[in-house]
Each structure stands twice: as structure tokens, then as C-alpha cells.
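The values are calculated or read from the model by the stated rules, or taken from the named source; none is laboratory data. Model, not experiment: these values are computed from the prediction. As a convention, Cβ positions derive from the backbone with ideal geometry for all residues, glycine included, and neighbour counts pool all protein chains shown. Note: areas computed on protein heavy atoms with side chains; ligands, DNA, RNA excluded. Shrake-Rupley method; radii C 1.70, N 1.55, O 1.52, S 1.80 Å.
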Amino acid sequence: MNILLVNPNTSMPMTRAIAQAAQSVAAPGTTIEAVQPSFGPLSIECHFDEVFAAAGVAEQVRLANSRAVDAVVIACFGDPGLDAAREATAAPVIGIAEAAFYAASFLSTGFSVVTTLNRTVVTAEHLLHRYGFERRCKGVHGTDIPVLDLEGCSEATVARIEAAARTALEQDRSGAIVLGCAGMAPLCATLSDRLGVPVIDGVSAAVKFAESLVSLGLRTSQRGDYAPPPPKAFTGWAAPLGWK
Ligand code: 2AL
């Protein structure tokens with residue numbers, strides 16, 4: 001099976017790191033095709049970034065319509081463009097935040113999220129409400145670590161994430177930690193060892209959920225709002241993305 005792994009930011013080192021994390025948990029017959037938008041921010045850390053990231057995800061899923069794709073994973077914790085991607089392909093589309101929330105809920109009665117900049121806490125909170133996980137999530141904790149600091153991450157950065165996770169477990173009385181950035185995927189094993197609780201990386205969780213849905217022969221509903229977009233020309237740089 002072929003999983004299209006879309007990194008919604010345009011950092012090539014991050015796309016490579018995320019692809020490696022995805023490939024390391026993929027089943028023997030699964031190939032990971034890692035892509036990133038042709039435009040947009042190097043990292044996604046605010047609402048303005050997210051608008052471009054969502055368009056970049058829509059672009060990549062639309063361009064992949066001509067290729068054999070069995071499932072799509074959106075590898076940014078804001079799940080940008082998730083609904084648009086589900087309109088643009090019938091293959092199942094999994095966002096890493098949604099995947100991580102489900103996985104954490106299977107493993108604990110309450111989980112905490114540890115994320116990057118403090119200003120992104122509200123994005124995670126919005127998603128928890130949107131997906132209905134506000135009662136399972138006991139707290140979202142920012143670390144003020146910029147996303148690009150996670151590339152070739154130093155021990156000092158890992159230690160800051162570990163400290164935030166320890167505070168979260170204590171303050172929130174939670175049983176599991178969700179990593180609030182795709183760039184944290186390579187740190188998951190280290191943090192699991194150090195913290196002694198389930199630590200969920202949404203990239204790995206999304207790949208395994210995607211494989212499960214494909215194995216079950218399940219695809220996104222084509223009924224109602226997830227039906228393909230109505231035929232329409234697009235203009236300007238988005239012209240190739242219109243629907244016939
Ligand atoms: C992210 C992420 O996963 N990728 C990115 O560029 N920003 N998330 C975050 N909370 O900062």
C-alpha cells in the first residue's frame with residue numbers, strides 16, 4: 001500500500017525526518033511517499049502560517065489524484081486542510097493530531113499535550129473541541145520551542161520537552177503524553193523511556209491507523225460534505241487545482 005505523507009510546512013529536513021519516523025513503523029508492504037507544498041512557510045506556528053499550510057496540503061493531495069494513493073497522512077499537529085483533503089480524495093485521510101488524540105484515549109483516561117510555541121496552545125485546544133476530545137485531554141502545555149529547533153534537536157531541547165511533560169503529568173494528573181508537533185516524532189522513543197508513560201507521536205499513530213483503514217477496505221464517505229468539490233475553474237497560481 002502507498003501512503004502519501006504530506007508535511008504541510010516546507011522544511012525539507014523536517015519532511016525527511018517525518019518520512020523516516022513513518023517508515024520505521026510502516027508494515028513491510030507499505031511505502032511512504034513523503035511530499036511538501038510547493039509554497040508556504042518553513043514551519044507552522046501561527047494562524048497566518050496555517051492558512052498557507054492548508055492550501056499546500058490541498059495542492060499536494062490534488063496533484064496526487066493522478067497517482068495511486070491508498071491513504072493520506074497530514075503531518076502537522078494543526079491538521080491543516082484535513083476536510084479539504086477528504087473532499088479531494090476518497091482515500092482515507094488522517095491528521096496527526098486527531099490520530100494522536102484517539103491513540104492516547106485508548107491508553108489512558110486522561111492525556112496531556114506538550115507542544116511548541118505557547119501561542120500554538122490555542123490551536124490544539126480548538127482541535128480538541130472540534131474533535132470532541134476536550135474531556136479526555138487534561139491540559140495543553142507550550143514549551144516556547146520554535147518548530148525548526150526540533151531539526152537535529154539538541155539535548156537541551158529534549159530536556160525542555162521532558163520537563164514540560166513531567167509538569168503536565170503532575171499538574172494535570174494525566175496518564176499519557178501526546179507530542180504536539182510532527183517535528184517531535186524522532187524524540188518519541190527517548191521521551192517514552194525517560195517518562196515511563198505512553199508517549200504518542202501522531203505521525204506513527206496516523207500511519208498505523210491509515211494502514212488499518214486500508215486493510216479493512218474503508219474509504220472516506222462520498223456522501224454529503226465530503227463529496228468531491230463541485231466542478232469549477234481556479235485562477236492565478238491555483239489554476240491547475242480546479243475541478244473539471
Ligand atoms: C507544527 C507541526 O507539527 N509542524 C509545524 O510546522 N508546526 N506544530 C506545532 N504545534 O508547532
Residue match in the stretch 207-220 (condition: charged (D, E, K, R), open to solvent by less than 30 Å² (accessible area, probe 1.4 Å), within 15 Å of the ligand (Cβ to nearest atom) and touching a residue at least 12 places away in the same chain (Cβ under 8 Å)): no
Mind counting the residues in the stretch 103-137 that are within 15 Å of the chain's Cα centre (by Cα) and either outside the structural domain of residue 176 (by TED's automatic domain parsing) or outside any helix (DSSP H, G or I) (or both)? 4
Given (1) under 25 Å from residue 58 (Cβ atoms); (2) away from the ligand (no atom under 12 Å from the Cβ); (3) in contact with a helix residue (DSSP H, G or I) (Cβ under 8 Å, 6 or more places away or on another chain), number of the condition residue 132 does not satisfy: (3)
If you take just the helices (runs of 4 or more DSSP H) that sit entirely in the stretch 1-102, which of them hold at least 2 residues that are acidic (Asp, Glu), open to solvent by 20 Å² or more (accessible area, probe 1.4 Å) and within 12 Å of the ligand (Cβ to nearest atom)? 47-63
Answer yes or no: is there a residue in the stretch 215-236 that is on the phi < 0 side of the Ramachandran plot, hydrophobic (A, V, I, L, M, F, W, C) and part of a helix (DSSP H, G or I). no
Would it be correct to say that residue 107 is in contact (Cβ under 8 Å) with a residue 24 or more places away in the chain, in contact with a strand residue (DSSP E or B) (Cβ under 9 Å, 6 or more places away or on another chain) and open to solvent by 20 Å² or more (accessible area, probe 1.4 Å)? yes
Taking residue 48 as meeting all but one of (1) touching a residue at least 40 places away in the same chain (Cβ under 8 Å); (2) more than 21 Å from residue 92 (Cβ to Cβ), write down the number of the exception. (1)
Residue by residue through the stretch 157-188, note down the ones that are assigned to a helix (DSSP H, G or I) and either open to solvent by 70 Å² or more (accessible area, probe 1.4 Å) or not assigned by TED's automatic domain parsing to the domain that holds residue 102 (or both). 160, 166, 170, 171, 186
When you go through (1) within 11 Å of the ligand (Cβ to nearest atom); (2) assigned to a strand (DSSP E or B); (3) crowded, with 24+ Cβ neighbours inside 10 Å one by one for residue 140, which number turns out not to apply? (3)
